[in-house]
Amino acid sequence: MIHVLEIFRKPLVKYGMPFFTLIVGGSLGLKEFSQLRFQYSKTSLIRPEEAEAYGVKMKKPGEVTLETEFEKIKSLDTENWEMVRGPRPWEENSTKK
């Protein structure tokens, strides 16, 4: 008759069972967590009427495209510009004193 302690000393039980338990348990746990993610991410989008009530003007979905933004940038003068350094937070405080 094999004792219970002898069974737990075998490599398959000692190393294999915890490994397979971790793999199967991790898979089931990941399934539950990803299900929660998709369950609670289904929020409704803000309609333009609701946004205008808060003072935000939304553009139509087809109004802003890559091509229209490229045309705006093309019209800018990118060859002649001057780099202006903005004030740092510690510089603003020193001028107020």
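In table form, for the structure just shown:
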item	result
Condition check for L22: in a helix (DSSP H, G or I), open to solvent by 100 Å² or more (accessible area, probe 1.4 Å) and modelled with pLDDT of 90 or more	yes
Boolean, S41 is among the polar types (S, T, N, Q) and at pLDDT 85 or above	no
Of the criteria (1) within 24 Å of the chain's Cα centre (by Cα); (2) at positive phi, which one F33 fails	(2)
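The values are calculated or read from the model by the stated rules, or taken from the named source; none is laboratory data. Keep in mind the model is a prediction, meaning the values are calculated, not measured. The accessibility values were calculated without ligands, DNA or RNA, using every heavy atom of the protein model including side chains. Shrake-Rupley method; radii C 1.70, N 1.55, O 1.52, S 1.80 Å.
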